[in-house]
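One structure is given here, and the rest of the page talks about it.
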Amino acid sequence: MKKTIIALAMLASVGAASAAEVTINGAYSSTDNTQYSLGIVVGQSIMAFGNIGIGAEGALDFTKKNDVKNQTDVFANAVVSYDLGTFAPYVLAGPGYRWSDAAGNEAQYNIGAGTKIKLTDLMNLDVRYRRIDNFDNNRSEDKVTVGIGFKF
């Protein structure tokens, strides 16, 4: 029994290791203040049930608002996706923290959805929307990003 459990654990870790992905993304907005955002997302597939995948990701966003204000966000998200072959829509949610010159530092959370569009076996286009809010629900932000993901 022990050997079976160890073999299953090793098989699961090999499968998970092949599904690691790094995405570099960005966004630009000129609604209130001209701003841009650059980010990196590091994700890992944890398990799959047919076409449904469950994973985790860490996201880091750097946003420059007008000429003087900067903001850095860090999130730990749970991700559920549905693989359709060329497209893989997903939803995400998780807690995070923000360091901001404009609004101060605060704990926050984000929820969102997106899709990954397969470009090659090792590269995809990632388009996502996230609603970012603090736990007092008095400061929110909508963010749409486009990125290129690389699988390892």
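The values are calculated or read from the model by the stated rules, or taken from the named source; none is laboratory data. These figures come from a predicted structure and were not determined experimentally. Accessible surface areas use protein heavy atoms only, side chains included; no ligands, DNA or RNA. Shrake-Rupley method; radii C 1.70, N 1.55, O 1.52, S 1.80 Å.
Ignoring ligands, DNA and RNA, how do I132, I46 rank by accessible area with a 1.4 Å probe, largest first?
Numbers: I132 0, I46 95 Å².
From most accessible down to least: I46, I132.
Quick one: order F62, F152, F49 from most to least accessible surface, probe 1.4 Å. Intermediate results must be reported in sequence, preceding the final value.
Details: F62 80, F152 140, F49 120 Å².
Correct descending sequence by accessible area is F152, F49, F62.
Among the lysines in the range 26-148, how many pairs, 8 or more places apart or on different chains, have alpha carbons under 18 Å apart?
Numbers: K64/K143; K65/K143; K69/K143; K116/K143.
Step by step, the pairs that qualify in the range 26-148 add up to 4.
Accessible area per residue of the range 53-152 at 1.4 Å probe, in Å²? Kindly include the intermediate steps, with their values, before the conclusion.
Working: 5200 Å² over 100 residues.
Heavy-atom SASA per residue in the range 53-152 reads 52 Å².
Hey, what's the Kirkwood Rh for the range 54-148 if you take every pair of different alpha carbons, in angstrom? Working shown, then result.
Values: mean 1/r = 0.0702 Å⁻¹.
Here the Kirkwood hydrodynamic radius works out to 14.2 Å.
Ordering T63, T120 by how much accessible area each has at a 1.4 Å probe, largest first, what is the list? Walk me through the intermediate numbers first.
Working: T63 0, T120 65 Å².
Result, largest first: T120, T63.
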